[in-house]
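**Q** This structure is in structure tokens; I'll ask about it shortly.
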């Protein structure tokens, strides 16, 4: 690829598009995601972690920042001027400073690319998320790539809904034919779930073993499964300890 900057939003690219993952290795990479994509992190120069379930708020903040100098219709300009950025930033964990830093990186790149990943399109608010992406495609000069087909070509964005809370122990369930007997989490997750490395557990009615991975951070565990990824991959899940 000849993109000198690739911004990945809402994707574990090493899982979601292995070919694209390989092709961007020589580009400067910025990642905006719920989780670190561990195989990608050595190449990542900017990382911002947002809260699970808050993709609509994330794309709203990014669109407002990236389009602030664009020649927008007054209706869209008014929409962004009235956007409750303080609330959205607090709920998403993506602040104005991070959005501005990312915008500067895009402005300094000669051929930037933004990749919108699966987590954007598996969110229940996918239609409004798509409208923000359509605004970026129409009114910015940034190349946009989506890992799923857009559901609408509308530009008429709606109000950002109150963002769903993901309090408690959260798992990221994704399609994989490896490690299907494990739940893999960080030391922080182990403390939150009150489990130890090698502990037999039950999660989402499945018997698994908890595996501690010291490279992981945060309180979301990885749950590889043989699933069809047509629903949102992050979920609050009760972790129950079992007898060995």
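The numbers here are math on the coordinates, done by the rules we state, and not lab data. Worth saying up front: this structure is predicted, and the values here are computed from it rather than measured. Quick reminder, even Gly has a Cβ in these numbers, built from the backbone with ideal geometry, and neighbours come from all protein chains shown.
**Q** Looking at the calculated P(r) for region 1-135, what percent of the C-alpha pair distances fall above 20 Å?
**A** Numbers: 3973 of 9045 pairs.
Across region 1-135, Cα pairs with separations above 20 Å total 44 percent.
**Q** How large is the Rg to Rh ratio of the chain when both quantities use alpha carbon positions and Rh follows Kirkwood?
**A** Numbers: Rg = 18.5 Å, Rh = 18.8 Å.
A ratio of 0.98.
**Q** Continuing with this model, one more query. By counting other Cβ atoms within 10 Å of each Cβ, how are 208, 49 ranked from fewest to most? Walk me through the intermediate numbers first.
**A** Numbers: 208 23, 49 18.
Result, fewest neighbours first: 49, 208.
**Q** Same structure again: Angle, helix 55-66 long axis vs. longest principal axis of the chain, Cα atoms, 0 to 90°, nearest 10?
**A** Computed tilt is about 30 degrees.
**Q** Based on the Cα atoms of region 129-244, what semi-axes does the equivalent ellipsoid have, where each is the square root of 5 times one gyration tensor eigenvalue, given in whole Å with the largest first? Present the calculation step by step, with values, prior to reporting the outcome.
**A** Numbers: eigenvalues 255, 46, 35 Å².
Equivalent ellipsoid semi-axes, largest first: 36, 15, 13 Å.
**Q** What FRET efficiency comes out for the pair residue 165/residue 2, r = Cβ-Cβ distance, R0 = 41 Å, nearest 0.05?
**A** Calculated transfer efficiency: 0.50.
**Q** I'd like the distance separating the alpha-carbon centroids of region 44-65 and region 103-172, in whole Å.
**A** Centre-to-centre distance over Cα atoms comes out at 9 Å.
**Q** Against the longest alpha carbon principal axis of the chain, how many degrees, from 0 to 90 and to the nearest 10, is the axis of helix 96-108 turned?
**A** Its long axis makes an angle of about 60 degrees.
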